[in-house]
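Structure first, commentary second.
The values are calculated or read from the model by the stated rules, or taken from the named source; none is laboratory data. Everything quoted here is computed from the prediction, not taken from an experiment. With ideal geometry, Cβ positions are generated from the backbone for all residues, glycine too; neighbour counts draw on all protein chains shown. Surface accessibility is based on the protein's heavy atoms, side chains included, excluding ligands, DNA and RNA. Shrake-Rupley method; radii C 1.70, N 1.55, O 1.52, S 1.80 Å.
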Amino acid sequence: MKSSVSTWSRWAWLAGLLAVPIIIVTFLISLTNDVSLIQRCTTALILMVMVIGLHVFSGNSGVVSFGSVAFAMIAAFTSALITIPADKKPSLFPDMPDFLNWLLSFTVPVPVGILISVAFTAVIALLVGVPLVRLSGLAAGIGTLAFLVVVQVVVTKWKAVTRGESTMVGVPKETTLWWALGAVVLVIAIAALYQVTRRGRRLIATREDDKAAMSIGISIPIERLWGWVASCSIAAFGGALYGHYIATFSAQTFSIALTFFIIAMLVIGGLGSLTGAVVGVIVVQVLAEVLRTVETQGIGPIPQIDAPGLTEMVLALILLLVLIARPAGITGGREITSWVRRRKGNAPQVAS
Amino acid sequence: MSLLELSGVRICYGNAVAVKALDLHVDEGEFVALIGHNGVGKSSTVKAIAGVVKPTSGSIKFEGNDILGQQAGAILRRGIAVVPEGRRIFTRLTVGENLTVGGTVRSDRGEVKKSSAEMMERFPVLGKYADRMAGLLSGGEQQQLAIARALMSKPRLLLLDEPSLGLAPQIVEQVFDLLEELRKQGSSILLVEQNAAQAIRAADRYYLMRTGGVIESEAAGGDQAKADQVESAYLHFGKA
């Protein structure tokens, strides 16, 4: 009798098959010394962190969240507030409220700032999550979208702390290509581990059939809450890294447009699998790159098409096409490991 | 004392009465069938026992304790596992994962893996396809998985809702053989079925339900003649 493949080996296969090609490609890109290419690769890797974050909740639970960018924003601003050099703070935040004045007196190294901001965001995610995880479908979507709007309004209007519409400046710019790569590898490992262990499987079970999940004693709110907090923390990690990458940002940086971009990546890649999250980011980023090049200078035989907004328009069309022709996304919601297994000759039996 | 005892159970959905007054009991180690047509209140009875719907009156006792009105999770922890109608396995989890999530309510987490291995021995087809997505199994294999998943919670009573529904006759035979095997191994079973003849043949006792209540209750125990007789009478109801 064939014994069940161990959890660890499944984790290693899934994480390895996804991370290794990314590591190789990133190394190759770093060898080109093309500054602009390296920048785009870094951005793509940071976006991948956020998309994987969204996948951990939405992909595994089947409940779409529009709120992950809100957590990225909270973390980016939190990390900025505690890592901007203390001597610059008084001039940047002259109206800091008294109860937050202690923030002006110190500064922490960026890695510590990122850690603290992720932990702080996780606490907020837990508080917001308690009511949100009881919602499903449209209600959950609207609930998370409402949270994003609330955070946006607070960040835009609370000028004394967030500098409002004037951008956050003086944020240490420390995120490099290697930091972004390390972050991606780390979150792939975490997301894969979550998926192959007990907690993640229970959340997937609630996605597959909520009533059957309840019939075997799975608590849907509890499993969703675990996934939600993990997901928001990963999105926060991506947000904090992004903040330390672009160094000047405002609430507009973490807009609804970014939310839809991230969701589009996940949907195009395939909602429901970690592989889909990774593939979605790569496909959309490469495509966006090609389209932008066409917009600005043309590629090979294709002349320059001077049509601002071409990229967004074509991406939106592709999203529509994917939704119509392949609702489960490019990967069909499958993991890379299932293809590898099939290639090895263990063809699946046709279900009756 | 009976393992499960329902007395005077009445289930209503708004003004509609699904079950008028149901008395039923299952003893330790017994295989009891609850048969009846579509819409006579069989599934409502299952839901009431499992804690999914709350009866308007009557009592449901399990091992002497009143479980009426308790949450589904609490009833499962007490030892009543349900194999839901339509199998409802998790198609995009592997067979092995379906089994391990079946052990969710168990406190002895370390033992869940061992139980899962035992299930794969007991149901060889599940062992063979342990790493395959459950959705790729055939209907009969999925039914075995649904039963094995329910057994993972180490129930004192297994409640099956129409396990033969949508399966080919040959596969139905296999499912009933499996239930008899489980009974021999000491499991207590309450089977809710439309497939009357087969259920009566397999069970120790049966209850025949007709719109809202039990109209006949007898020992069956492999009595072919009795099974055929009830089935023809029972089919006659359908035509009436």
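What residue, among those in the range A:58-74 that are small (Gly, Ala, Ser) and in a helix (DSSP H, G or I), is nearest to residue A:219 (Cα to Cα)? Per the criteria, the residue is A:61. A residue that is in a loop (DSSP other than H, G, I, E, B) and either out of contact with any Cys (no Cβ under 9 Å at 6 or more places or on another chain) or open to solvent by less than 20 Å² (accessible area, probe 1.4 Å) (or both) occurs nowhere in the range A:8-24. Just so you know, in the range A:38-62 the residues that are open to solvent by less than 10 Å² (accessible area, probe 1.4 Å) and β-branched (Val, Ile, Thr) include one that is farthest from residue A:288 (Cα to Cα), and it is A:56.
Per-residue answers, yes or no, for (1) farther than 23 Å from residue B:179 by Cα; (2) touching a residue at least 60 places away in the same chain (Cβ under 8 Å); (3) charged (D, E, K, R):
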residue: B:31; (1), (2), (3): no, yes, no
residue: B:36; (1), (2), (3): no, yes, no
residue: B:50; (1), (2), (3): no, yes, no
residue: B:54; (1), (2), (3): yes, no, yes
residue: B:93; (1), (2), (3): yes, no, no
residue: B:96; (1), (2), (3): no, no, no
residue: B:117; (1), (2), (3): no, no, no
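Residue by residue, here is whether (1) under 18 Å from the mean Cα position of the chain (by Cα); (2) under 27 Å from residue A:231 (Cα atoms) holds:
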residue	(1), (2)
A:80	no, yes
A:94	no, no
A:101	no, no
A:109	no, yes
A:117	yes, yes
A:120	yes, yes
A:124	yes, yes
A:129	yes, yes
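Quick one: would you say residue A:321 is part of a helix (DSSP H, G or I), modelled with pLDDT of 80 or more and open to solvent by 100 Å² or more (accessible area, probe 1.4 Å)? Here the answer is yes, as residue A:321 does meet what is asked. Of the residues that make up the range B:56-74, is at least one buried (at least 18 other Cβ atoms within 10 Å of the Cβ) and within 20 Å of residue A:223 (Cα to Cα)? Within the range B:56-74 (the criterion being buried (at least 18 other Cβ atoms within 10 Å of the Cβ) and within 20 Å of residue A:223 (Cα to Cα)), the answer is yes, since at least one residue qualifies. What do you reckon, is residue A:334 assigned to a helix (DSSP H, G or I) and either of a type in the set (Gly, Ala, Ser) or modelled with pLDDT under 90 (or both)? In short, no.
This table checks each residue for (1) assigned to a loop (DSSP other than H, G, I, E, B); (2) of a type in the set (Gly, Ala, Ser); (3) within 20 Å of residue A:159 (Cβ to Cβ).
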residue	(1), (2), (3)
A:27	no, no, no
A:53	no, yes, no
A:96	yes, no, yes
A:108	yes, no, no
A:113	no, yes, no
A:119	no, yes, no
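When the range A:31-48 is examined, which residues are found to be touching a residue at least 12 places away in the same chain (Cβ under 8 Å) and either of a type in the set (Phe, Trp, Tyr) or more than 23 Å from residue A:150 (Cα to Cα) (or both)? Answer for the range A:31-48, where residues must be touching a residue at least 12 places away in the same chain (Cβ under 8 Å) and either of a type in the set (Phe, Trp, Tyr) or more than 23 Å from residue A:150 (Cα to Cα) (or both): A:38, A:40, A:41, A:42, A:43, A:44, A:45, A:46, A:48.
Return only the number of the condition from (1) surrounded by fewer than 16 Cβ atoms within 10 Å (Cβ to Cβ); (2) farther than 20 Å from residue B:157 by Cα that residue B:29 does not satisfy. That leaves (2) as the condition not met. A single member of A:60, A:33 is at negative phi and polar (S, T, N, Q), and it is A:60. In the range A:254-278, the residue that is nearest to residue A:186 (Cα to Cα) out of those that are part of a helix (DSSP H, G or I) and open to solvent by 40 Å² or more (accessible area, probe 1.4 Å) is A:261. Filtered by the rule that a residue be more than 14 Å from residue A:136 (Cα to Cα) and either open to solvent by 30 Å² or more (accessible area, probe 1.4 Å) or at the interface with chain B (Cβ under 7 Å from one of its Cβ atoms) (or both), the range A:198-217 gives A:198, A:199, A:201, A:202, A:204, A:205, A:212, A:214, A:215, A:216, A:217.
Within the range A:147-174, residues that are of a type in the set (D, E, K, R) have Cβ atoms under 9 Å from residues that are buried (at least 16 other Cβ atoms within 10 Å of the Cβ) and outside any helix (DSSP H, G or I) in these pairs: A:163/A:93; A:163/A:250; A:165/A:250; A:173/A:247; A:174/A:247, counting only partners at least 6 apart in sequence or on another chain.
For the range A:160-178, the set of residues classified as over 14 Å from residue A:239 (Cβ atoms) and either modelled with pLDDT of 90 or more or in contact with a Leu (Cβ under 9 Å, 6 or more places away or on another chain) (or both) consists of A:160, A:161, A:163, A:169, A:170, A:172, A:173, A:174, A:176, A:177, A:178, listed by residue number. Being assigned to a loop (DSSP other than H, G, I, E, B) and over 17 Å from the mean Cα position of the chain (by Cα) is a condition met by no residue of the range B:40-48. The set of residues from the range B:70-88 being assigned to a loop (DSSP other than H, G, I, E, B) and either within 14 Å of the chain's Cα centre (by Cα) or closer than 16 Å to residue B:102 by Cβ (or both) comprises B:79, B:84, B:85, B:86, B:87, B:88. Of the set (1) within 30 Å of residue A:157 (Cα to Cα); (2) of a type in the set (S, T, N, Q); (3) assigned to a helix (DSSP H, G or I); (4) at pLDDT below 95, all apply to residue A:78 but (4).
Is it the case, given these coordinates, that residue A:220 is open to solvent by less than 30 Å² (accessible area, probe 1.4 Å) and within 14 Å of chain B (Cβ to nearest Cβ)? Yes. Confirm whether residue A:81 is open to solvent by less than 30 Å² (accessible area, probe 1.4 Å) and in contact with an Asp or Glu (Cβ under 9 Å, 6 or more places away or on another chain). In short, no. If you go through the range B:118-149 and keep only what is assigned to a helix (DSSP H, G or I), facing another protein chain (nearest Cβ under 7 Å) and among the small types (Gly, Ala, Ser), you end up with B:127, B:135, B:139.
Only one of the numbered conditions (1) modelled with pLDDT of 90 or more; (2) under 30 Å from residue A:338 (Cα atoms); (3) open to solvent by 10 Å² or more (accessible area, probe 1.4 Å); (4) away from every other protein chain (no Cβ under 11 Å) is not met by residue B:156, and that is (2).
Note on the range B:89-117: among residues that are part of a loop (DSSP other than H, G, I, E, B) and not β-branched (Val, Ile, Thr), the one that is nearest to the other protein chains (Cβ to nearest Cβ) is B:90.
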